[in-house]
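First the structure, in the form of C-alpha cells, and then the observations on it.
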Amino acid sequence: MKILILGATGFIGSAILQRLAAEGHQITGLGRDPGKARSKWPSAMWLEADLAQLSAAAWLPLIDNQDVIVNCAGALQDGLSDDLAATQEKAMLSLYEAAEAAGGRRIVQISARTDGAAANLPFLATKRRADEALAASGLPFVILRPALVIGRNAHGGTALLRSLASFPGLLPLIHAESPVETVSLDDVAAAVSLAIDGTIPAGSDLDLAAEQTLTLSDLVQQHRSWLGLPAVRVVELPAPLARPVAWAADLAGRLGWRSPLRSTAMTVMSEGVRSSRPRPGGLAFADATQTLAAHSSGVQDLWFARLYLLKPAIILTLSLFWLLSGLIPLLDVSAAAAHFPPAMPATLALSTTVATCIFDILLGSAVLVRPHARKAMLGMILTSLAYLAGGTILEPQLWLDPLGVLVKVLPSIALTLVALAILDER
C-alpha cells in the first residue's frame, strides 16, 4: 500500500516508518527537512511541507495517490517552534476535508488520552477537537492513544526518565507516586500495522498500554537499573515545586527549547498516565520491564542520560559567560580599552571595546534562542579564536597572567564544542 506518514522523523513516526517499510509498503514521509530525513531513512520518499501552512487545497496533491495517512505529528506545548492550534487542529481539519474530496482515505491517528487534569490545556484540547472531527468526518479511521512510549531510543518524556535515572546519589522526584502505564514503541508500530491491514477495524478508538502499572518512582528506578547504576533513595519533592520548574521550562519553550518539564507535562503527571478505553485485541503489549530487557543499554545510553541532564546548565553557562564578558567591561570602558597598544588612538580603542562588548552580549543572548543557538555557538568559537589571536599579538604577557585571562578561553571553547555536539534533539 502507499502510505503517507506525518511526523515521520519523530520518535514514534520513525519507528512506524521502519516497520511499514519492512512490511513492503511504499512510504512517503512529510517533513520540514526532507534532505536530512532522506539520508537517514532512504527507504521512504520525502516531501517538504509545513503542516501549519497546509490548506485543504494544498493537501490534495500530497494525498492524491496515497491509500492511507498515518498522523504521528504533534507537539507538547505552544512555543517559538510550535503552534498547536495550527498543526494539531487546523491542519488536521484541512486534511480531513482533502481526504474526503479525494474520495476517502483511511486515516490512522496517533493521539493521546484527552481527558483528566490537563484536558483543557492546548495540547490535549487541540487533539480532542481533531479526534472528534475525524470521528464525525465519515472517513475510515482508527485512533490510537499510546500510554508513555518506551523504546530503544528516547525523546521527550522517556529522555527525561533516563536523565533522572542517572542523577548522582539520589533521585529527587516530583509526583513520585503517580501511576504510569507504558507501551513499547514496537507495539505502537505493530498496532498501526494492524490498523492499516484492517485487523483493527475502521471506527476504532483504542488505548495502547501494557497491563503493568508502575509508579513514576519505580519506573525511574527501572531505568536506573537498565543503565547499570545501583538503586538509590528516592527523595519525594513537594508538588508545589513543580510550578517554578514548569515556569522555567515554559520560558525555555518560548525560546524554542522543547523541555519535557513544561507545565503541560507536569499537569499530566500530577495524576499519572492511565488508560480508560479498550485495548486492541490480538496484540500482547510488552511492559516496561520487558521492553527495557529487550534492548540492552550501552555506555552511549549513560552518556546521553547524563548529558541530557546537563544540557540546560551548559547552555545557561555559555550564555552567562558571554553576557558577563560583554557587560563587565562596560562598567569601566576606559580601563578595558587601556589593554590596546598606546599607538592606537584612544577613540578607536574605546569604540573597539564597546563594539566587542556589544557583540559578546549579542552572542550570549542569541544562544538562548533555539533557532539561533547553533550559529551563536559557531560565532562564539570563531570570536574566541579571534580574541586569542588578538590578545597574543597585542598583549602576549596575558598568557602568563596568574588569573589565566587567555588560558580560560580554551575551556570555554571546549564547552561550546560540547554544546554543539548535543544540540540536536532528534
Practice item. Quick one: residue 154 ticks every box in (1) hydrophobic (A, V, I, L, M, F, W, C); (2) part of a loop (DSSP other than H, G, I, E, B); (3) under 19 Å from the mean Cα position of the chain (by Cα); (4) surrounded by fewer than 18 Cβ atoms within 10 Å (Cβ to Cβ) except a single one, so which number is it? Key: (4)
Exercise for review: Would you be able to say whether some residue in region 367-377 is part of a helix (DSSP H, G or I), open to solvent by 30 Å² or more (accessible area, probe 1.4 Å) and in contact with a Phe, Trp or Tyr (Cβ under 6 Å, 6 or more places away or on another chain)?
Suggested key: yes
Review point. Looking only at region 18-33, which residues are buried (at least 18 other Cβ atoms within 10 Å of the Cβ) and within 19 Å of residue 87 (Cβ to Cβ)?
Key: 28, 29, 30, 31
Point to revise | Candidate set from region 1-17 (those that are of a type outside the set (Lys, Arg) and closer than 13 Å to residue 66 by Cα); member that is surrounded by the fewest Cβ atoms within 10 Å (Cβ to Cβ) | key: 1
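Picking from 233, 224, which residue would you name as being within 24 Å of the chain's Cα centre (by Cα), under 13 Å from residue 173 (Cβ atoms) and open to solvent by 10 Å² or more (accessible area, probe 1.4 Å)? Step through it out loud before you land on a result.
Working: 233 fails: within 24 Å of the chain's Cα centre (by Cα).
Residue meeting the stated conditions: 224.
Condition check ((1) in contact with a Ser or Thr (Cβ under 7 Å, 6 or more places away or on another chain); (2) surrounded by fewer than 21 Cβ atoms within 10 Å (Cβ to Cβ)) across all residues:
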site: 188; (1), (2): no, no
site: 192; (1), (2): no, no
site: 201; (1), (2): no, yes
site: 205; (1), (2): no, yes
site: 210; (1), (2): yes, no
site: 214; (1), (2): no, no
site: 218; (1), (2): no, yes
site: 237; (1), (2): no, yes
Exercise for review: Could you grab the pairs with beta carbons closer than 9 Å, sequence gap of 6+ or different chains, first residue in region 408-426 and on the phi < 0 side of the Ramachandran plot, second one open to solvent by 80 Å² or more (accessible area, probe 1.4 Å) and of a type in the set (D, E, K, R)?
Suggested key: 420/374; 423/374; 425/258
Check your understanding: Within the set of pairs 6+ apart or on separate chains, which have a first residue in region 236-249 that is under 13 Å from residue 175 (Cβ atoms) and modelled with pLDDT of 90 or more, a second that is open to solvent by less than 50 Å² (accessible area, probe 1.4 Å) and part of a helix (DSSP H, G or I), and C-beta atoms under 7 Å apart?
Key -> 246/263; 246/266
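The values are calculated or read from the model by the stated rules, or taken from the named source; none is laboratory data. Small disclaimer: the values here were computed from a predicted structure and weren't measured. Neighbour counts run over all protein chains shown; Cβ positions are idealised from the backbone, glycine included. Heavy atoms of the whole protein, side chains included, go into the accessibility calculation; ligands, DNA and RNA do not. Shrake-Rupley method; radii C 1.70, N 1.55, O 1.52, S 1.80 Å.
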